[in-house]
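Heads up, the thing below is written out as structure tokens.
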Amino acid sequence: MTDEVLLQRQVARILQSRHFLRSPRLTQFLQFVIEASLSGRSTNEYDIAQTVFGKASDFDPQSDSIVRVGAQKLRERLLAYYAQEGAHDPLTIELAAGYNPVWHPQPGARERPEGPAAFPSARPFGVRHPPELELDREIVGRDEELQRLGRHWEQAVAGHGKMTCLIAEPGIGKTALAQEFLRSVGLQNTALVGAGHCHLELEQGEVYFPWKEILENLAATQAVAESLCRDLAPGWWHLLAKRTLESNEGWVLRQEMRRLLQALSEKTPVLLFMDDLHWADLASIDLLNYLGPVIPSLRVLFLTAYRPSDMRLRQHPFLAVEPELRMHGICEELPLSELNLQDTRHYLNQRFPLNGFSEALAPWLYQRSGGN
């Protein structure tokens, strides 16, 4: 078997996996860079923007980071695939710098037989959280916040759902704290965990992007989520495979999401995280507002993170939604303060346990970082 045939078979396996089956753009991204590499063509941000993302000829990579964001998502999705379904595949494919794919044999792996048996069935019911949430992080100075999140989670597990907003300016550690919390919940093996991200360049261009990412994440890692989404939310299931949304589908999608969350939370508690809410599109906020009155009756904790300065600067629609949610006890803010000198010392000792650092290092680092 030639190297090219082996590579094409590996690409086919990846694209038929749960991690890519409902991600047409990531599928097209991977196919484009692989085909370009096999034909000896160089790839650049401009070509990818036009071919994969349908950008016009006046695309400016300096002001539009959609290709860089897509590349990062592709790298994360490949890592997730090889951590699960592709753990024993003969080839590992990665996206290197400059959007160039590289591939190499996996040690001890062997070519799998073709046909349906070549692809594993859905994983059994139980928590399946994304590989990016498995990262070991040095979390310091956040014990009180983690305990508070833990109490919110206990309430959700007991059937009193809640929305919690992590609020802080850039660099304070909103995402790191959320990922640590999601990781700790996932390790309990008693929950369904999903995450999505809002992106600045998609705020006005693609509706429901963070919700679609959450559903892609759940469907790719949890068999029951995929089954319920297909049966109870066919509009969302089809939306994952297409780029556009018909103008009359919004109401149907809102009802489907409510039914889906109700069904999921009846089977197991659900923890959902939406990062960078200050960049969420209007449709995503409308859906959040629609679900607000339903959340308290579900075993769901909806966790978000945002920058208050960006919210105010952009006059974001969530500013009109959050006060009413807080008034009804549905939403609770959790502001994050800057770290202090003691936290900085703790971080250094935890990150470098066998260090001979000068006593002056921690104060110097704290002064330079400003608790960031």
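Structure data summary
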quantity: Which numbered condition LYS55 fails, given (1) in a helix (DSSP H, G or I); (2) open to solvent by 30 Å² or more (accessible area, probe 1.4 Å); calculated: (1)
quantity: Residue within region 285-293 that is more than 30 Å from ASN217 (Cβ to Cβ), surrounded by 12 or more Cβ atoms within 10 Å (Cβ to Cβ), out of contact with any strand residue (DSSP E or B) (no Cβ under 7 Å at 6 or more places or on another chain) and hydrophobic (A, V, I, L, M, F, W, C) present; calculated: no
quantity: Positions within region 185-240 being in a loop (DSSP other than H, G, I, E, B), at pLDDT below 80 and under 21 Å from ALA283 (Cα atoms), in sequence order; calculated: HIS199, GLU203, GLN204, GLY205, GLU206, LEU240
quantity: Any hit, region 306-314, residues being over 20 Å from the mean Cα position of the chain (by Cα), in a helix (DSSP H, G or I), of a type in the set (Asp, Glu) and farther than 29 Å from GLN188 by Cβ; calculated: yes
quantity: Odd one out for GLU324, checked against (1) acidic (Asp, Glu); (2) open to solvent by 70 Å² or more (accessible area, probe 1.4 Å); (3) touching a residue at least 40 places away in the same chain (Cβ under 8 Å); calculated: (3)
quantity: Failed item, numbered, when GLN315 is tested on (1) open to solvent by 10 Å² or more (accessible area, probe 1.4 Å); (2) touching a Pro at 6+ places or on another chain (Cβ under 9 Å); calculated: (2)
quantity: Residue check, SER309 among the polar types (S, T, N, Q) and either touching a Cys at 6+ places or on another chain (Cβ under 7 Å) or open to solvent by less than 50 Å² (accessible area, probe 1.4 Å) (or both); calculated: yes
quantity: Top-ranked residue of region 327-340 - restricted to ones that are touching a Gly at 6+ places or on another chain (Cβ under 6 Å) and either among the basic types (Lys, Arg) or under 20 Å from ILE139 (Cβ atoms) (or both), ranked as least open to solvent (accessible area, probe 1.4 Å); calculated: LEU339
quantity: Qualifying position, being touching a residue at least 60 places away in the same chain (Cβ under 8 Å), of a type in the set (D, E, K, R), part of a helix (DSSP H, G or I) and out of contact with any Phe, Trp or Tyr (no Cβ under 6 Å at 6 or more places or on another chain), among ARG25, ARG75, ARG68; calculated: ARG25
quantity: Complete set of residues in region 294-306 that are in contact with a Pro (Cβ under 8 Å, 6 or more places away or on another chain) and open to solvent by 10 Å² or more (accessible area, probe 1.4 Å); calculated: ARG299
quantity: Residue ID - nearest to ASN340 (Cα to Cα), chosen from residues in region 155-183 that are of a type in the set (D, E, K, R) and not in a loop (DSSP other than H, G, I, E, B); calculated: LYS174
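The values are calculated or read from the model by the stated rules, or taken from the named source; none is laboratory data. The structure displayed is predicted, hence computed values, not measured ones. All Cβ positions, glycine included, derive from the backbone under ideal geometry; neighbour counts span all protein chains shown. These area figures cover heavy atoms from the full protein model, side chains too; ligands, DNA and RNA do not enter into them. Shrake-Rupley method; radii C 1.70, N 1.55, O 1.52, S 1.80 Å.
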